[in-house]
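Reading through the structure tokens given below for one structure.
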Amino acid sequence: MSLPTEQRRRLLREALWVFGLCSVACAVLVQLRPVVGFIDANVHGLIAAIFLFVPTELIIRRKESFTPFGLTHEPLGKGLLVFAAGAALVFPLFASAFYLYYRQVCAWSVAGTLPLPGQIRRLCSRFVGSAARARLSLTPSYLNMVLTQLLVVGLPEEYFFRGYLQTRLEQVWPSNRRLLGAPVGPALPACAALFALGHLITDFNGLRLAVFFPGLLFGWMRQLTGSILAGVLFHASSNLVSDLLHRAFFQ
């Protein structure tokens with residue numbers, strides 16, 4: 001059921017203000033890293049705290065339930081199945097695309113056929129050149145990275161973007177279609193766009209806008225299951241797979 005127009009406008013203003021303030025706060029923390037040792041050592045935890053605290057405070061103040069915001073493990077089986085199916089489909093394709101992309105880009109870098117950014121040239125200087133030469137070495141600290149991606153990155157970001165923001169945007173623009181069983185509407189791409197913009201504001205790196213596309217997938221999982229569980233697992237796993245590929249192909 002659609003909310004009254006004025007209430008939808010108020011919720012949209014709230015969502016945009018919360019997104020803007022939290023994004024700016026995260027950007028300030030990142031910029032202060034080189035000059036404030038405490039922030040440099042704890043920046044990821046501080047950003048996670050912002051993403052967890054702000055929506056929680058607003059939900060409690062409005063005396064709303066957390067369940068409609070996706071902060072529930074139920075339906076557990078469906079969430080795990082959606083994550084597993086998505087991982088089985090996406091990660092092999094991503095790994096293949098990753099290798100083919102860098103093989104071509106690094107070939108251009110060696111040949112000097114394109115004016116590539118210095119960051120790409122430095123990366124390509126460590127590229128192993130072929131899948132046969134890829135070697136994966138994991139340190140004992142890798143378990144810490146797994147826990148960090150789950151609890152400090154995946155959970156806070158999914159709770160903030162797909163839990164709080166996407167739910168608010170759904171209240172503003174209710175889903176009017178279905179995509180592979182999930183109710184979808186303007187809120188899904190709008191939230192993915194804010195997800196990408198938030199990364200750009202924080203890092204000032206145009207390449208970060210590419211997270212719009214995984215943002216669509218995380219949001220679709222949220223819509224399909226009613227929970228952020230599958231998105232949290234997939235988000236964390238995506239970052240871990242990307243890290244593993246960089247470890248294997250760049251020595």
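A few points about this structure:
- Rolling a 1.4 Å probe across the protein heavy atoms gives segment 3-47 an accessible surface of 61 Å² per residue.
- Rg/Rh ratio calculated on Cα atoms of the chain (Kirkwood radius): 1.00
- For the chain, the cysteines with no partner cysteine C-beta closer than 4.7 Å are Cys22, Cys26, Cys191.
- Fluctuation leader among Thr72, Thr113, Thr167 - the chain, Gaussian network, Cα springs under 10 angstrom: Thr113
- Largest accessible area first, the residues Arg33, Arg13, Arg8, Arg122 order themselves as Arg122, Arg13, Arg33, Arg8 under a 1.4 Å probe with ligands, DNA and RNA left out.
- Residues Asp243 and Arg133, FRET efficiency given R0 of 22 Å [Cβ-Cβ distance, rounded to 0.05]: 0.75
- 222 nm mean residue ellipticity, helices alone, for the chain (DSSP H n ≥ 4; -39,500 (n - 2.57); rounded to 500): -22000 deg cm²/dmol
- Relative contact order of segment 178-240, pairs being alpha-carbon contacts under 8 Å that are 6 or more residues apart, as %: 32
- The mean sequence separation of alpha-carbon pairs under 8 Å and at least six residues apart, normalised by the residue count of segment 1-153, gives a relative contact order of 18 percent.
- Carbon + sulfur, % of accessible area of segment 82-140 - ligands and nucleic acids excluded, 1.4 Å: 65
- Descending principal axes extents, segment 79-195, alpha-carbon based, whole Å: 52, 38, 25
- Nearest-0.05 FRET efficiency for Glu57 and Arg10, computed from C-beta distance (R0 25 Å): 0.90
- Principal axis extents of the Cα atoms in segment 3-80, from largest to smallest and rounded to whole angstrom, are 47, 38, 20.
- Between Pro68, Pro186, Pro115, the GNM of the chain built on Cα springs shorter than 10 angstrom shows Pro115 fluctuating the most.
The values are calculated or read from the model by the stated rules, or taken from the named source; none is laboratory data. No experiment lies behind these values; they were computed from the predicted model shown. Neighbour counts are summed over all protein chains in view; Cβ atoms, including those assigned to glycine, are modelled from backbone coordinates with ideal geometry. Side chains included, ligands, DNA and RNA excluded: accessible areas come from the protein's heavy atoms. Shrake-Rupley method; radii C 1.70, N 1.55, O 1.52, S 1.80 Å.
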